[in-house]
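Below is one structure; the comments refer to it alone.
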Amino acid sequence: MAAAPAAAGSGAGRGRRSAATVAAWADGAGRPSNILLQLRQGQLTGRGLVRAVQFTETFLTERDKQSKWSGIPQLLLKLHATSHLHSDFAECQNILKEISPLLSMEAMAFVTEERKLTQETTYPNTYIFDLFGGVDLLVEILMRPTISIRGQKLKISDEMSKDCLSILYNTCVCTEGVTKRLAEKNDFVIFLFTLMTSKKTFLQTATLIEDILGVKKEMIRLDEVPNLSSLVSNFDQQQLANFCRILAVTISEMDTGNDDKHTLLAKNAQQKKSLSLGPSAAEINQASIVFPPPGASEENGLPHTSARTQLPQSMKIMHEIMYKLEVLYVLCVLLMGRQRNQVHRMIAEFKLIPGLNNLFDKLIWRKHSASALVLHGHNQNCDCSPDITLKIQFLRLLQSFSDHHENKYLLLNNQELNELSAISLKANIPEVEAVLNTDRSLVCDGKRGLLTRLLQVMKKEPAESSFRFWQARAVESFLRGTTSYADQMFLLKRGLLEHILYCIVDSECKSRDVLQSYFDLLGELMKFNVDAFKRFNKYINTDAKFQVFLKQINSSLVDSNMLVRCVTLSLDRFENQVDMKVAEVLSECRLLAYISQVPTQMSFLFRLINIIHVQTLTQNVSLNTSLVILMLPLYLRLLQRMEHSKKYPGFLLNNFHNLLRFWQQHYLHKDKDSTCLENSSCISFSYWKETVSILLNPDRQSPSALVSYIEEPYMDIDRDFTEE
């Protein structure tokens, strides 16, 4: 019996005996074992004693009496003798059956943390098995089918392969260094994939591969796996879900540098390096994946297990969650990669979104008792619980799926799409082209689409919930891109603005991450939308409420700057429109009146430039907000005065100059970011470039150039952009 395979992906090496620890133990007489030390030396150097076959059986039996090796060296001696090329492997398999239980019980004890160092056995069986060459011998036996004799491929039974894989896995669990040694055998790792064609050996193979890839220094390339497409196409639903655990490793960058913990400077450097080196192994692997039609039921839309009828109901749900979690993660990674459009098309064609919609109440956001689906040592509110992890991964998938892609309208049902058309018709504006192009056969069915379901649970979420951040991000991604009045009104009619303001003002949210996500969402929801500003003013209807709102904005301007930018852009557009409805909002809205004041704009500008620097900048939005304010009447002279009033002449404007130089470096070499910036601001990118160019003009006589306002003794504008 092998140790529980499920533990492989969650730190199977916990409690492994290091070679140094084991070699320090004494033999039966209390003296260091010279034989084991020599074998260990041979294992490290590849010379001298390395295998049981280098000893006589008599010698090994005699030493076993003293050292209590459980007869493992002798069994390895026999295994070697019965596993030669011309063997029928019948006796070989019998020997494996003897070895397996000696290691599996020990591995189970290690995994469950029940083993104690004070046990009688001097050396762990797995360590002895590896030290006498057992791991290398099993690798050779498993790879015998790659050898041809007179044109005939050797064959070993699935049962024998299964025993070899279980023994290797158990040895990896208990003995430090074994997994890393296997990871260095690239031909063996690639060969392991071929063993996944058999259902009898699939689980043992997948578990071992996952463990090996977790420690491999260089990522394998899936295009080197023979017949990968055929292999994946023949998986059943449970196998595909398990295979996604392996895919999750192979398609993820080992150090992506794409999250907010990395600066834009570091990201740009990494992108330049990637361009010179070509696609990474992870990117190549993403392109190598061929997903077969999922074949899942229309009810579920994701792989589900079939052989679960004997499990208790709670375990059935646990299995469903864990399998779907892996699939969602892989899809999420692919949606953020170079193959995004292809993956989008396949997700749409396979009707994954309607499937997720049908799963929403039954599994993803189902009601469950407080005792359900809790890992040992955790509680139901812990972020480590499968239930919570599934919800977060689901929200991340929605965010990746909706972000700047016209397929986002698949999150609605037919009735909701008709509602968008009606909103456009009533407002006398052209209908969104992506809505017209949406294939109605691929959208959500039922009374509510997936986006509406998400809004419903979002409004019911407790104040302290860890989901609020991800929910807001998922909904915001639906609004990103070119501003759509119809999309905004669709969400406004469902009370989203009031919910956001309640969370920011009435519940006085304290989480910085949640606040930032709410401010970003509020900005996208209100941008250029007169009706949204009217609703804002109706909800924030007292000075007390407005002061709480301003306090939240000012408590962290980096978190709220997207909202500040959106309101500033909206103000500029409204002031240039001749419309009674707009004029009414301009005269009544507290927020627009506040942002329109020059001291307010100067305060925001001064603080933003003061708190962001090239070396620490993680997103360009704060810098872009500063630029938006400067696109209004120029404030350079006022900035200079504020510098002097703070007794730091040149500090602010020098920093701003460096930030603008970085802006040019960042945007002028990346098409995607410039398109996103243009769409979100409704300002042409040429105008952005022109504004920055004017500000960076080296002519000190130019009234619009930054250098004109930096006195010569304080000039410091030529710093190199290097990571410190």
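The values are calculated or read from the model by the stated rules, or taken from the named source; none is laboratory data. All of these numbers come straight from a predicted model, not from anything done at the bench. The accessibility values were calculated without ligands, DNA or RNA, using every heavy atom of the protein model including side chains. Shrake-Rupley method; radii C 1.70, N 1.55, O 1.52, S 1.80 Å.
The slack in the chain from GLU98 to TYR714, taken as 0.36 nm per residue of separation less the alpha-carbon distance, amounts to 213.7 nm. Measuring between their Cα centroids, the stretch 182-239 and the stretch 429-481 lie 37 Å from each other.
The gain in end-to-end length when the GLU253 to ASN554 segment is fully stretched comes to 104.7 nm, 0.36 nm per residue minus the alpha carbon separation.
Protein-only accessible surface at a 1.4 angstrom probe places the residues ARG144, ARG573, ARG590 in the order ARG573, ARG590, ARG144, largest first.
Using a 1.4 angstrom probe on the protein heavy atoms only, could you order TRP365, TRP470, TRP69 from most to least accessible area? Can you show the working numbers first?
Details: TRP365 35, TRP470 65, TRP69 0 Å².
Largest accessible area first, the residues go TRP470, TRP365, TRP69.
The phi-based Karplus calculation (6.51 cos²θ - 1.76 cosθ + 1.60; θ = phi - 60°) puts the 3J(HN,Hα) values of the stretch 695-703 at 5, 8, 4, x, 6, 6, 8, 6, x Hz, whole numbers, x for Gly and Pro. Computed on the Cα trace of the stretch 426-473, the radius of gyration divided by the Kirkwood hydrodynamic radius gives Rg/Rh = 1.12.
What the stretch 509-588 shows is 42 Å² of accessible area per residue, with the surface traced by a 1.4 Å probe over protein heavy atoms.
The accessible surface of the stretch 498-600, taken with every protein chain in place and a 1.4 Å probe, is 51 percent carbon and sulfur. Shape summary: the stretch 490-540 maps onto an equivalent ellipsoid whose semi-axes, from the alpha-carbon gyration tensor, are 18, 12, 9 Å in decreasing order.
With 30 Å as the limit on Cα-Cα distance, the pairs of LYS78/LYS216; LYS391/LYS534; LYS527/LYS551; LYS460/LYS545; LYS426/LYS538; LYS391/LYS426 that go past it are LYS78/LYS216; LYS391/LYS534; LYS391/LYS426.
From the P(r) of the stretch 437-515, can you give the percent of Cα pairs sitting at distances over 20 Å? Kindly include the intermediate steps, with their values, before the conclusion.
Numbers: 1160 of 3081 pairs.
Tail fraction, whole percent: 38.
Within the accessible surface of the stretch 650-714, defined with a 1.4 Å probe on protein heavy atoms only, the carbon and sulfur portion equals 49 percent. With N counted as the residues of the stretch 199-247, its alpha-carbon radius of gyration over 2.2 N^0.38 Å works out to 1.14.
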